[in-house]
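One structure is given here, and the rest of the page talks about it.
The values are calculated or read from the model by the stated rules, or taken from the named source; none is laboratory data. These numbers come from a predicted model, not from an experiment. Please note: Cβ atoms are built from the backbone with ideal geometry, for glycine as well, and neighbour counts cover all protein chains shown. Side chains are part of the model used for accessible areas, which takes the heavy atoms of the whole protein and leaves out ligands, DNA and RNA. Shrake-Rupley method; radii C 1.70, N 1.55, O 1.52, S 1.80 Å.
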Amino acid sequence: DQQVKQNSPSLSVQEGRISILNCDYTNSMFDYFLWYKKYPAEGPTFLISISSIKDKNEDGRFTVFLNKSAKHLSLHIVPSQPGDSAVYFCAASMDFGNEKLTFGTGTRLTIIP
Amino acid sequence: NAGVTQTPKFRVLKTGQSMTLLCAQDMNHEYMYWYRQDPGMGLRLIHYSVGEGTTAKGEVPDGYNVSRLKKQNFLLGLESAAPSQTSVYFCASSPMGYENIQYFGAGTRLSVL
């Protein structure tokens, strides 16, 4: 039972345009969400997070939106750059501070120069 | 500035052989984790530890054992390797606190023939 779903395995976006990566979850107990970025042959690295008390969190070119009623979050990257080409994982945890994360299956983002 | 270091980076085993994967972190983190990444499956938690001397099962613990004798090290053991354990293994660590931001190693690619 996949509690965190990323339904798009891949996404291609032109350089300079907006990239939107989506993530859905089924467990209403999740209250903290993170995005990780992964380059080939490297481990995932933390990108941005959001707690359920917010609906938006921004960090430079990266913004995460949370829609609790729809159990949906999205990561917006604008403008997209070639270095953004990577696999992006969303992750969720229950009880803010809980030590376990549940990861989605990932979306491979390719930025076209 | 090592962070999380995994040893070895690559390994090929024959069915039935045993091996131990080593994870070391120099950030004084309380929590440590072992994940496996398979195509289309995302990151799945095998075992984790919330402190020295503690271990707990994750989502896919069968066929693996772990030990955390020292705070900085987390070992993952395969007693009798099976082809189904062919995967990329990631270790992660995180500090105790409200935000469960996990820091990952570069991964170990394991093939079981």
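What to note about this one:
- Subset of the range A:33-56 (residues that are open to solvent by 30 Å² or more (accessible area, probe 1.4 Å) and within 8 Å of another protein chain (Cβ to nearest Cβ)): A:Ala41, A:Glu42, A:Thr45, A:Phe46
- Every condition in (1) of a type outside the set (Lys, Arg); (2) within 14 Å of another protein chain (Cβ to nearest Cβ); (3) out of contact with any Leu (no Cβ under 9 Å at 6 or more places or on another chain) is met by A:Phe89 except one, and the failing one is (3).
- Among residues of the range A:57-86, those that are of a type in the set (A, V, I, L, M, F, W, C) and within 14 Å of chain B (Cβ to nearest Cβ), counted: 2
- Of the residues making up the range A:57-81, just one is open to solvent by 30 Å² or more (accessible area, probe 1.4 Å), within 21 Å of A:Arg108 (Cα to Cα) and polar (S, T, N, Q), namely A:Gln81.
- Residues (surrounded by fewer than 15 Cβ atoms within 10 Å (Cβ to Cβ), closer than 18 Å to B:Glu52 by Cα and aliphatic (A, V, I, L, M)) located in the range B:78-105: B:Met96
- Looking only at residues of the range B:37-77 that are farther than 20 Å from A:Phe89 by Cα and of a type in the set (S, T, N, Q), we find that the one that is surrounded by the most Cβ atoms within 10 Å (Cβ to Cβ) is B:Ser49.
- Search result, residues across the range A:61-90 that are assigned to a loop (DSSP other than H, G, I, E, B) and in contact (Cβ under 8 Å) with a residue 60 or more places away in the chain: A:Val78, A:Pro79, A:Ser80, A:Gln81
- Close pairs from the range B:76-104: first without any contact (Cβ under 8 Å) to a residue 12 or more places away in the chain and at the interface with chain A (Cβ under 7 Å from one of its Cβ atoms), partner among the hydrophobic types (A, V, I, L, M, F, W, C) and open to solvent by 20 Å² or more (accessible area, probe 1.4 Å), Cβ under 6 Å, at least 6 apart: B:Tyr98/A:Phe96; B:Ile101/A:Phe46
- The number of residues in the range A:1-45 being more than 10 Å from the chain's Cα centre (by Cα) and of a type in the set (A, V, I, L, M, F, W, C) comes to 7.
- Condition check for A:Phe46: closer than 20 Å to B:Tyr48 by Cβ and among the aromatic types (Phe, Trp, Tyr): yes
- Test: residue in the range A:14-25 that is touching a strand residue (DSSP E or B) at 6+ places or on another chain (Cβ under 8 Å), within 14 Å of chain B (Cβ to nearest Cβ) and either farther than 22 Å from B:Ile101 by Cβ or surrounded by fewer than 19 Cβ atoms within 10 Å (Cβ to Cβ) (or both): yes
- Only residues that are more than 7 Å from chain B (Cβ to nearest Cβ) and at pLDDT below 90 were counted in the range A:92-108, giving 2.
- Screening A:Phe30 with (1) modelled with pLDDT under 95; (2) closer than 30 Å to B:Thr5 by Cβ; (3) not hydroxyl-bearing (Ser, Thr, Tyr) gives one miss only, at (2).
- Taking the criterion of being of a type in the set (S, T, N, Q) and either within 8 Å of chain A (Cβ to nearest Cβ) or touching a Lys or Arg at 6+ places or on another chain (Cβ under 7 Å) (or both), the residues of the range B:29-64 that qualify are B:Ser49, B:Thr54, B:Thr55.
- Residue match in the range B:28-38 (condition: touching a Pro at 6+ places or on another chain (Cβ under 6 Å) and either modelled with pLDDT under 95 or of a type in the set (S, T, N, Q) (or both)): yes
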